[in-house]
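First the structure, in the form of structure tokens, and then the observations on it.
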């Protein structure tokens, strides 16, 4: 595969390809921009598809310029959502970025990576600078953006600062002199606006590399932390393996293509054998799960995760290791036990799990939310599909 084929593989759209070819041909290192939203601390498989594309540019000698939106995160960013994201404090942003960097370098090459915080320039901007910048964009242009247009038609409030967000995001490209910008296809509007602003400031407009959106574990919406349908690249091997095994069968080719970056012809073969019924989709999913765990952990971790999953879910055996919790009362309601050991966020959630048949004590389904459990001899508790625990009566405190 030549350089160009490698760059365009698994992308959805490049604006404009002839510009990118010309810049690659110059033989000079390019500054390839990627914006980071610091509102949550986990890198998931969907975002990793963009990071792997950025890694390809690094392998060709180009610099990844990661723009941390610390300033914009403090004013709220809709970014294609139906409502604004929460505003963050400096402390929250720093903590999230500490976790981000640990995960990002599972993929990116540190010596070819540059971190920039957009507060460097945005916090220094005067009111007249902001007004001058805003004067280059019309409200009609902003209402072309789908999420703004939908909210406007539905009568959902749009705050003025939300209109400013894509403008100042585009200004980030001006300040770092980006040659290329990479992101999901849902960022197309913002990226195009950045090109216009670069022209205004006398810069060569950046080339846009738009990536497909990975669907989440629900098989319906794009993978997102806020939607809870994500798989983090730093999740424990067993959790990662189990989540992949839970995706709908129709997503199997989609994940082989975007998560593992299989060539299109191989992806088509996988889709074909699934459709023909010649192969059990579960086997293809197990191979997918094993390869993903190997990619982000190790081959040994993948082997162990596959073995444990098979024993627990295929052979209906218990895991060899599970946490043990000591609780201070000999008899407790099942709802209180689940909440006390941290296997539910609230007692209401614990009740919902019980009513859905998702709780077992010593292998038997518990269907009464008020049922008391005798912990004198200890019990094996299963909550949901993957959470196991030994719970015993053992003194004054909860311990693990």
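One table, with the values for the structure above:
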{"quantity": "Along each principal axis, Cα extent of segment 202-281, largest first, Å", "calculated": "58, 31, 22"}
{"quantity": "Rounded to 5, percent antiparallel among DSSP beta bridges of the chain", "calculated": "45"}
{"quantity": "Efficiency of FRET between residue 239 and residue 128 - r from beta-carbon atoms, R0 56 angstrom, step 0.05", "calculated": "0.65"}
{"quantity": "Percent of Cα pairs exceeding the 21 Å cut-off, where the set is segment 324-393", "calculated": "9"}
{"quantity": "Option label - P(r) over Cα pairs in 20 Å bins from 0, in percent computed here, alternatives (1) 27, 59, 14, 0; (2) 23, 49, 25, 3; (3) 23, 52, 20, 5, 0", "calculated": "(2)"}
{"quantity": "Overall dimensions of segment 167-219 by Cα: Rg and Dmax, Å", "calculated": "12.7, 45"}
{"quantity": "Most mobile listed residue (319, 237, 253) in the chain, GNM with C-alpha springs under 10 Å", "calculated": "319"}
{"quantity": "Once the Cα gyration tensor of segment 3-211 is diagonalised, semi-axes √(5λ) in Å", "calculated": "26, 21, 17"}
{"quantity": "Estimated [θ] at 222 nm from DSSP helical runs (n ≥ 4, -39500 (n - 2.57)) normalised by residues in the chain, nearest 500", "calculated": "-13000 deg cm²/dmol"}
{"quantity": "Most fluctuating residue given options 306, 140, 73, as computed from a GNM of the chain linking Cα atoms under 10 Å", "calculated": "140"}
{"quantity": "Sorted peptide list for 103-110, 203-210, criterion being average Cβ within 10 angstrom, highest first", "calculated": "203-210, 103-110"}
{"quantity": "The chain: angle of helix 90-104 to the longest principal axis, Cα-based, in degrees nearest 10", "calculated": "80"}
{"quantity": "Of 339, 99, 62, the one that fluctuates the most in a GNM where the chain has Cα springs shorter than 10 Å", "calculated": "339"}
{"quantity": "Alpha-carbon Rg/Rh ratio, for segment 131-225, with Rh computed the Kirkwood way", "calculated": "1.01"}
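No value in this document is a laboratory result; all are computed from the given coordinates. None of these values were measured; they are calculated from a predicted model. Positions of Cβ are generated from backbone atoms using ideal geometry, with glycine treated the same way; all protein chains shown enter the neighbour counts.
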